[in-house]
1. Here are some residues: A:Arg42, A:Arg18. Which one is among the charged types (D, E, K, R), within 14 Å of chain B (Cβ to nearest Cβ) and crowded, with 18+ Cβ neighbours inside 10 Å?
2. Would you check if B:Leu338 is buried (at least 21 other Cβ atoms within 10 Å of the Cβ), on the phi < 0 side of the Ramachandran plot and not aromatic (Phe, Trp, Tyr)?
3. Looking at region B:193-200, is at least one residue touching a Cys at 6+ places or on another chain (Cβ under 8 Å) and either surrounded by fewer than 17 Cβ atoms within 10 Å (Cβ to Cβ) or not in a helix (DSSP H, G or I) (or both)?
4. Consider region B:11-21. How many of its residues are more than 8 Å from chain A (Cβ to nearest Cβ) and not β-branched (Val, Ile, Thr)?
5. Give the residues of region B:87-144 that are away from chain A (no Cβ under 14 Å), under 20 Å from B:Ala400 (Cα atoms) and not in a helix (DSSP H, G or I), sorted by residue number.
6. Applying the selection to region A:386-406, what residues are closer than 16 Å to A:Arg18 by Cα and either away from chain B (no Cβ under 14 Å) or free of Cβ contacts under 8 Å to residues at least 12 places away in the same chain (or both)?
7. With respect to B:Ala59, determine if the residue is part of a helix (DSSP H, G or I) and among the hydrophobic types (A, V, I, L, M, F, W, C).
8. May I ask you to list the residues in region B:426-450 that are under 18 Å from A:Lys3 (Cβ atoms) and either facing chain A (nearest Cβ under 9 Å) or touching an Asp or Glu at 6+ places or on another chain (Cβ under 7 Å) (or both)?
Amino acid sequence: MEKWHLMTIVVLIGLTVRWTVSLNSYSGAGKPPMFGDYEAQRHWQEITFNLPIKQWYFNSSDNNLQYWGLDYPPLTAYHSLLCAYVAKFINPDWIALHTSRGYESQAHKLFMRTTVLIADLLIYIPAVVLYCCCLKEISTKKKVANALCILLYPGLILIDYGHFQYNSVSLGFALWGVLGVSCDWDLLGSLAFCLAINYKQMELYHSLPFFCFLLGKCFKKGLKGKGFVLLIKLACTVVASFILCWLPFCTEREQTLQVLRRLFPVDRGLFEDKVANIWCSFSIFLKIKEILPHHFQIIIRYCYQENKCFIFIRFFSFCFTFLSLLPACVKLTLQPSSKGFRFTLVSCALSFFLFSFQVHEKSILLVSLPVCLVLSEIPFMSTWFLLVSTFSMLPLLLKDELLMPLVVTTIAFFIACATSFSIFEKTSEEELQLKSFSLSVRKYLPCFTFLSRIIQYLFLISVITMVLLTLITVTLDPPQKLPDLFSVLVCFVSCLHFLFFLVYFNIIIMWDSKSGRNQKKIN
Amino acid sequence: MAALGIAMGGGNWFSALALGVTLLKCLLIPTYHSTDFEVHRNWLAITHSLPVSQWYYEATSEWTLDYPPFFAWFEYALSHVAKYFDQEMLNVRNLNYSSSRTLLFQRFSVIFTDALFVYAVHECCKCIDGKKAGKELTEKPKFILSVLLLWNFGLLIVDHIHFQYNGFLFGLMLLSIARLFQKRHMEGAFLFAVLLHFKHIYLYVAPAYGVYLLRSYCFTANKPDGSIRWNSFSFVRVISLGLIVFLVSALSLGPFLALNQLPQVLSRLFPFKRGLCHAYWAPNFWALYNALDKVLSIIGLELKLLDPNKIPKASMTSGLVQQFQHTVLPSVTPLATLICTLIAMLPSIFCLWFKPQGPRGFLRCLILCALSSFLFGWHVHEKAILLAVLPMSLLSVGKAGDASIFLILTTTGHYSLFPLLFTAPELPTKILLMLLFTTYSISSLKTLFR
């Protein structure tokens, strides 16, 4: 069958799954007074439509910032305004100032879900299709299968169409950025990425690899000639796009500062709710008081009394984050390559997720997108990571009553990946891209020959653990003394997985060029 | 790990397809369901709470039992599982009861019983030959047929959204067809007899079965020119077929005969008081007839040829299920529709008798009988188009001519099912699924017969 027929079918399957998932509940459904992310998005439509721009980010009697105040960059606000215009056309009650708080109806739900679908269809899905068509050295069927697997990734579907968010817009823009930069359309790529950052500030997790890759390209072209021109052009593009997006807020210093204060709330804690990063996972050791030696306890308790040592924790987190992503970024600057770029995106985003502060569990999607991009190169590990990333959001999804869509989409994704890429046959060292690494290790430890076997067993254990934990969380009640036991367990297990993947992806990046160069010598 | 790999990647594309469509069915659980949901809940309640003698007399709800006894026993079996989900659904007085557990149980029962349909598709795939087989898996006729049947749009929306149990019934029909292809005629006959006692709508295609079995099974040999050889008639075969049909009917209707309830059962099964057309008109000949009658009556009123007082008040476009009279054209009686149907079936029956072409000829005759009954039958539901579409899939992967007819039939047939789902959230679902199936069927069949 022709390629575009197959792609159409794949896109239709993706859209069908998305829409059927959206028939389920959303975050905060029927839960006054605060409701959830769905109400937040509706509220932003109300605010942006009814109030002048100058008041969007400020606290006032009409705009109570405590009730879902706007905390995303201006592009989100403009998108909400656009949706509000459509809402006004259909039913003004949905966005009436003050009186529409907590508005819930079947028609409104249909409207909101449609806005997500349209945004997805216009931005994210074309990017995925184009990305898969541009993949090199693989057959048409594999390209289509790749598109199917990316479109079936459960995490994004469940958060956008279940919980309710617009991640597909920012991730879509970021993907256009990756496409542009990989295909040497650097200006368009950086423009797209700037749009992504201006939609959700969490895209800054991806900014370092973009910066390093483009800088590396400029260096390669020679800083005295074309490289310098490129650098200037890129700088101008970035500045221009930021100014364009922030235009209404650039006029007064106070406006800009207030928006920045809303985007980066420095007075909030190290982590919110339960999230699978280091800080949250290690905080559970606070509870194991009797096991730890006395002075160690004091240090930890001191670290976590946040009122006292804010700056210390911020610094700590900053150090850890940058130490873990520095090697990959330096390598990318010195040897810019499309493959290195994508793997560095994964590693940087994962470092930020694990060690940064104020991380939400949904931020794992920022790591999942780059992993989807390397699905065709390391299908086994990517599928494993994507399954874990979906599992790490289990407590959130259960709160939104999305158990059935979660189970169904996860199984569907797993089957799609398993049949498209034959992942279970591709666990040799070479296919895991660990060949050069294990060769280096074997220089010191000659018996290190069973790496792929270890990884296979780890995969089995991991899947069994995740399934068991899911069953336990769904069927049993947590003990009364530890009401958050299951969520914390999920976070802890996911965190361990993510640390493992961080090490793995960094190994691939650092040991990559050696095998590439050796291959070229052999050929 | 390697064994898992072989199981996943290797030859098990069929399981992947079946599992994939099952997952899609699970995603369709929260969609709109029609009154048929309440119908089946009511039947669960009736068969569970009341003794057999009351089943066809119970009328607390308007949705009385109007399927043959085997289906009633099927609901009885289901009700024993239902009681672990929600006991309240089995109370006859709980009209329109649809708790989340009830919904889950009913939806899962449809998904689960579809296993018979999956098995039947598997058997059908064995019957088609791979003469046109390409090297790629997705271009093999078996693969295409599996997708066309397992992922059939009409079956998905009628069974898993609108809510019915057609999956396993069509499974029985396809299985009996497969058995006839495999020359296991007795099994085929038995399966069809059982099917008839599950849902009597399959009477539409009974003539095809009857004539084929008589002509190609009871007459064991043909003359060299293909015409009938009268002395090869086998009494044994006729009697064994008759015995099968008789035993199945006895098992089904026997208890009700013993209770002297047969007239009541038959009146429930064949309610001719329901009117020529269903509330939503099935796109058949009588719909055109009604429309013509309406147009003529409007013209007649305008031109003052008709007396407004003489026009009957009951309107056929009111969306109600009832009898009415036509104003200009002669009124249609059930007998008239039967005669029209039989006349429409005659050419294909004659062909099957005088020029039998083996199982393929039988299949063609079956499809034509289904279409004739759809076009000229009394009180036809639009869902009955599936009776023609699904068997046609088997022919479509054989010849290019059949493929093009199949594409026209299936696309229009599926489109005619759209009014079944009229709620707003289902609009994108039905459009997306329809586009999916249509795109796949057109492109795969085009590639097959390149």
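1. Answer to the selection: A:Arg18.
2. no
3. Scanning region B:193-200 turns up no residue that is touching a Cys at 6+ places or on another chain (Cβ under 8 Å) and either surrounded by fewer than 17 Cβ atoms within 10 Å (Cβ to Cβ) or not in a helix (DSSP H, G or I) (or both).
4. 6
5. B:Ile128, B:Asp129, B:Gly130, B:Lys131, B:Lys132, B:Ala133
6. A:Thr390, A:Leu397
7. No: the conditions fail for B:Ala59.
8. Within region B:426-450, B:Leu435, B:Leu436, B:Thr439, B:Tyr440, B:Ile442, B:Ser443, B:Ser444, B:Lys446, B:Thr447, B:Leu448 qualify.
The values are calculated or read from the model by the stated rules, or taken from the named source; none is laboratory data. Since we're looking at a predicted model, the values are computed, not measured. Neighbour counts run over all protein chains shown; Cβ positions are idealised from the backbone, glycine included.
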